[in-house]
Every structure is written in C-alpha cells, then in structure tokens.
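> A single structure is presented below for examination.
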Amino acid sequence: MTIQKVLITGVAGFIGSNLLEFLLAETDWDIVGIDDYSTGNKRNIAHCLDNDRFELIEDSIFNLKTL
C-alpha cells in the first residue's frame, strides 16, 4: 500500500486548519502543513500538533529552500 502525503499551505488559516482536521479524522494520510502566520494563527491548529501524522513547518512557501 502506498502512503499518501499531503501538503497544506496556510495550514493555520481558516480553510487550512479545517482541511487539516478533516484529513486527520477521515484519512490515514501523512500531512505536512506550512504557515508563516501572516494571516493564520497557531491556536487554530494547536490541538493537532501532537498527532504523529502531522508535521508543521513554520516558514513561508516563498522560501524555496524550505520546500
């Protein structure tokens, strides 16, 4: 079986955080989220940070070395 991995940009925003919650609840996918908190807030995803299937990168998607 192939492991699915998803990248969510803006994961701490309204749409990103809700998508994260849905994917953690409804799939077995590994999820990488990236956010620089320019419009999102870390409180929106705080309850997901302990999940082993979620990795948070605190940086901008414009930083190509990070991607």
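The values are calculated or read from the model by the stated rules, or taken from the named source; none is laboratory data. Note that the coordinates shown come from a computational prediction; the quantities given were computed from them, not determined experimentally. Using ideal geometry, Cβ is built from the backbone for each residue, glycine included, and neighbour counts are taken over all protein chains shown. Each accessible area value is taken on the protein alone, full model and side chains, heavy atoms only, with ligands, DNA and RNA left out. Shrake-Rupley method; radii C 1.70, N 1.55, O 1.52, S 1.80 Å.
> Would you mention how many residues in the stretch 14-51 are among the acidic types (Asp, Glu) and in contact with a strand residue (DSSP E or B) (Cβ under 9 Å, 6 or more places away or on another chain)?
3
> Among Asn51, Asn18, Asn63, which is the only one that is free of Cβ contacts under 8 Å to residues at least 12 places away in the same chain and not in a helix (DSSP H, G or I)?
Unique residue meeting the criteria: Asn63.
> Which residue is farthest from the chain's Cα centre (by Cα), if the candidates are limited to the stretch 31-43 and must be surrounded by fewer than 19 Cβ atoms within 10 Å (Cβ to Cβ) and of a type outside the set (Val, Ile, Thr)?
So the residue we want is Ser38.
> Could you tell me how many of the residues in the stretch 6-25 are touching a Leu at 6+ places or on another chain (Cβ under 9 Å) and either open to solvent by less than 80 Å² (accessible area, probe 1.4 Å) or not hydrophobic (A, V, I, L, M, F, W, C) (or both)? First the steps, then the outcome.
The first filter runs over the stretch 6-25 and keeps only residues touching a Leu at 6+ places or on another chain (Cβ under 9 Å), leaving 6-8, 11-12.
From what is left, the residues that are either open to solvent by less than 80 Å² (accessible area, probe 1.4 Å) or not hydrophobic (A, V, I, L, M, F, W, C) (or both) are 6, 8, 11-12.
Qualifying residue count, the stretch 6-25: 4.
> Would you confirm, using the coordinates I've provided, whether Asp28 is of a type outside the set (S, T, N, Q), touching a residue at least 24 places away in the same chain (Cβ under 8 Å), in a loop (DSSP other than H, G, I, E, B) and surrounded by fewer than 13 Cβ atoms within 10 Å (Cβ to Cβ)?
Details: of a type outside the set (S, T, N, Q): yes; touching a residue at least 24 places away in the same chain (Cβ under 8 Å): yes; in a loop (DSSP other than H, G, I, E, B): yes; surrounded by fewer than 13 Cβ atoms within 10 Å (Cβ to Cβ): yes.
Yes.
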